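Written below as structure tokens is the structure these notes are about.
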Amino acid sequence: YRGLLVPHGDSVMYEEHLWNVLHGKGFRSYLDQGLFLGEHIQVIHLAMLPLYSIWPSHLLLELCESLALASGALPVFWMARRWSGSNRSATCLAIAYLLYSPLQFLDIAIDLKTFRPICFGVTAMLFALDQLERGRIKSTVTLFFVALAAKEDFALILIPLGCWIAAQPFLSDARKNANGDCSLPKFLSSLKPAVPYGVGLTIAAGGYLLLTTRVLIPWFRGGAEVHYARYFAKFGDSLGEIVINMLTQPGLLIEELVTVSSISYLLALLLPLAFLPLLSPTRFCVAVPILGLLCLNEIVQGDPQPHHHFHAPVLPVLFWATAHSLQMFHGDSKSRLRSLVDRFVSSDRH
């Protein structure tokens, strides 16, 4: 930073927002076309204004981002302990979270654009998922709003998450915890609360995504298309055209999805977690839509590693699924897993 290695774009731009708001110049920066809301509906960093008025430095933003990401280890620990029943397993997963290379690249991007408000959404979603499992609906919804304030991308997680919640009464694993003797919070295992809550979340998140991408951002851009439509140029020039072509041209979609770049990108996300998210398939499926979009992103295809910030909304779901998968290695579930492995090995020998 002191050697002028932090570029202006997409990093110090956010400090300009704080400085300009503090000095009555509006929510804008040198790079913005009009107000910044023409780029993203992203306002969470304004919460740092009280601190910034005391210490007006880009280093403050960097510090807050690092502390926020690190604090995500707490809900990871709580969720892992809930499902594994083991402090040791929970501690190991929390440490794995802190050492997770895609998380490190969120904090210090490979292009040195080292501050992005989307990082605060990672922490908000982790705490939200923990509160969801505790059955605390009000705090869960509040944290969902915080995540959306970090970037509209988190709606792409909340839409399938709502479907997951609505499906829980119909899934047998929703009635078991790590020891098999207790159910999840009642609103997840009971038909009446879970289905309306899940459907409502899906509709609300979908509506918010449409509102931001089709109305608000274009309005603040003077009617122009959202800038990230160009990341999917092979499918069209506008978001509407891109979505239609993805739905109506499955051959092109599969051709773009099933590539070495996609495999490399997915391995970079899953290999450090020993593929454990896959052992909780319903939870992992919450991340599948945005993982598919990431693999179609032309920037990702050109650099098929989680070096940038696009993967931020995926991380909370991956660790949520990993924490749930730990139940398979403890208690009765461990015995069932061992029996399944023994049966497979013995049948293979025969």
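The values are calculated or read from the model by the stated rules, or taken from the named source; none is laboratory data. These numbers were taken from a predicted model, which means no experiment stands behind them. Cβ coordinates were reconstructed from backbone atoms using ideal geometry, including for glycine residues, and neighbour counts include every protein chain displayed. With ligands, DNA and RNA removed, areas are computed over all heavy atoms of the protein, side chains included. Shrake-Rupley method; radii C 1.70, N 1.55, O 1.52, S 1.80 Å.
Considering the conditions (1) modelled with pLDDT under 80; (2) touching a helix residue (DSSP H, G or I) at 6+ places or on another chain (Cβ under 7 Å), Y228 is excluded by exactly one of them, (2). In the condition set (1) in a loop (DSSP other than H, G, I, E, B); (2) closer than 19 Å to Y100 by Cα; (3) free of Cβ contacts under 8 Å to residues at least 60 places away in the same chain, S264 is compliant with all but (1).
For the range 207-218, a residue qualifies if it is surrounded by 14 or more Cβ atoms within 10 Å (Cβ to Cβ) and either over 29 Å from G302 (Cα atoms) or modelled with pLDDT under 85 (or both), and the qualifying residues are Y208, L211, L216. Of everything listed in (1) modelled with pLDDT under 90; (2) under 30 Å from I95 (Cα atoms); (3) not charged (D, E, K, R), the single unmet condition for G34 is (2). Look at the range 288-299: where a residue is under 16 Å from L269 (Cα atoms) and a partner is open to solvent by 10 Å² or more (accessible area, probe 1.4 Å) and of a type in the set (S, T, N, Q), sitting 6+ places away or on another chain with Cβ atoms under 8 Å, you get C295/T259; C295/S261; C295/Q301. Just one of the numbered conditions (1) in contact (Cβ under 8 Å) with a residue 40 or more places away in the chain; (2) more than 14 Å from Q301 (Cα to Cα); (3) open to solvent by 60 Å² or more (accessible area, probe 1.4 Å) is not true of P250: (1).
Any chance the range 122-135 includes a residue that's surrounded by 15 or more Cβ atoms within 10 Å (Cβ to Cβ), under 13 Å from the mean Cα position of the chain (by Cα) and under 16 Å from P306 (Cα atoms)? Yes, the range 122-135 contains at least one residue that is surrounded by 15 or more Cβ atoms within 10 Å (Cβ to Cβ), under 13 Å from the mean Cα position of the chain (by Cα) and under 16 Å from P306 (Cα atoms). From the list L315, L293, pick out the single residue that is within 25 Å of L98 (Cα to Cα), modelled with pLDDT of 85 or more and either open to solvent by 50 Å² or more (accessible area, probe 1.4 Å) or assigned to a helix (DSSP H, G or I) (or both). Answer to the selection: L315. If you filter the range 66-87 down to residues that are closer than 17 Å to G121 by Cβ and in contact (Cβ under 8 Å) with a residue 60 or more places away in the chain, you find that the one that is nearest to the chain's Cα centre (by Cα) is G72. Across the range 194-217, not a single residue is classified as out of contact with any Asp or Glu (no Cβ under 9 Å at 6 or more places or on another chain), over 21 Å from L158 (Cβ atoms) and in a helix (DSSP H, G or I). The listed residues are F284, F275, and the only one of them that is free of Cβ contacts under 8 Å to residues at least 12 places away in the same chain and either open to solvent by 40 Å² or more (accessible area, probe 1.4 Å) or under 27 Å from P250 (Cα atoms) (or both) turns out to be F275.
Matching residues to (1) farther than 30 Å from I95 by Cα; (2) surrounded by 13 or more Cβ atoms within 10 Å (Cβ to Cβ); (3) at pLDDT below 80:
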site	(1), (2), (3)
E15	yes, yes, no
L18	yes, yes, no
H45	no, yes, no
S53	yes, no, no
W78	no, yes, no
W83	no, yes, no
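Screening G240, G222 for residues that are open to solvent by 60 Å² or more (accessible area, probe 1.4 Å) and modelled with pLDDT under 85 leaves exactly one candidate, G222. Return yes or no: is S325 buried (at least 20 other Cβ atoms within 10 Å of the Cβ) and over 16 Å from the mean Cα position of the chain (by Cα)? For S325, the condition - buried (at least 20 other Cβ atoms within 10 Å of the Cβ) and over 16 Å from the mean Cα position of the chain (by Cα) - is met.
Taking the conditions (1) open to solvent by 40 Å² or more (accessible area, probe 1.4 Å); (2) within 25 Å of the chain's Cα centre (by Cα); (3) within 21 Å of L326 (Cα to Cα); (4) not hydroxyl-bearing (S, T, Y) in turn, L103 satisfies each one other than (1). On the given criteria, is Y197 of a type in the set (F, W, Y) and under 22 Å from R136 (Cα atoms)? It is true that Y197 is of a type in the set (F, W, Y) and under 22 Å from R136 (Cα atoms).
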